[in-house]
Amino acid sequence: MNELNIRSRDEGKFQELLKEDIVKLLLSVLYLANERNADKWMFLTEFSFLIHGIDDHDEFENIGELYKSLDTLISTCKKKLMGFSVQKDEADFLELMNEIVDFWGYEKIKTVYQQSLALHKYS
């Protein structure tokens with residue numbers, strides 16, 4: 001392809017990016033904004049438990065509030081995604097990504113993932 005002056009896209013960097021936990025988090029929210037999926041919902045709830053330091057789900061008194069707040073986040077994303085054209089509305093899309101991150105808080109997400117990486121590194 002180089003001989004024909006055709007550039008190829010390096011998809012390896014995209015594949016690596018898709019493995020990142022923060023990307024999995026964002027994609028799970030976006031996926032759930034379009035359709036139900038038990039695995040993605042479980043991932044988000046487990047992440048929320050982790051970020052809030054909840055070890056025993058059965059003992060957590062405000063589990064209904066947590067589910068409701070996740071449902072509100074997903075509904076908000078669904079409304080904002082309707083009619084989006086990523087090419088036209090790139091700034092709006094990036095703002096939505098920031099809203100999703102802000103839902104849990106960037107510093108909390110970063111802390112949880114750093115702890116997770118450290119655990120996997122030494123196990």
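The values are calculated or read from the model by the stated rules, or taken from the named source; none is laboratory data. Note that the structure is a prediction, hence the values are computed from the model and not measured. With ideal geometry, Cβ positions are generated from the backbone for all residues, glycine too; neighbour counts draw on all protein chains shown. These accessible areas exclude ligands, DNA and RNA; they are computed on the full protein's heavy atoms, side chains included. Shrake-Rupley method; radii C 1.70, N 1.55, O 1.52, S 1.80 Å.
Figures for the structure shown
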| item | result |
| --- | --- |
| Residue list for the stretch 24-45, filter: closer than 14 Å to residue 69 by Cα and of a type outside the set (A, V, I, L, M) | 41, 45 |
| Given (1) more than 19 Å from residue 34 (Cβ to Cβ); (2) at pLDDT 80 or above; (3) among the hydroxyl-bearing types (Ser, Thr, Tyr), index of the condition residue 113 fails | (2) |
| Cβ-Cβ under 6 Å pairs, at least 6 apart or on other chains, the stretch 15-36 side more than 16 Å from residue 50 (Cα to Cα), far side modelled with pLDDT under 90 and open to solvent by 30 Å² or more (accessible area, probe 1.4 Å) | 23/17; 33/81 |
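Per-residue answers, yes or no, for (1) open to solvent by less than 100 Å² (accessible area, probe 1.4 Å); (2) on the phi > 0 side of the Ramachandran plot; (3) at pLDDT 90 or above:
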{"position": "2", "(1), (2), (3)": "no, no, no"}
{"position": "13", "(1), (2), (3)": "no, no, no"}
{"position": "24", "(1), (2), (3)": "yes, no, no"}
{"position": "49", "(1), (2), (3)": "yes, no, no"}
{"position": "55", "(1), (2), (3)": "no, no, no"}
{"position": "73", "(1), (2), (3)": "yes, no, yes"}
{"position": "82", "(1), (2), (3)": "no, no, no"}
{"position": "86", "(1), (2), (3)": "yes, no, no"}
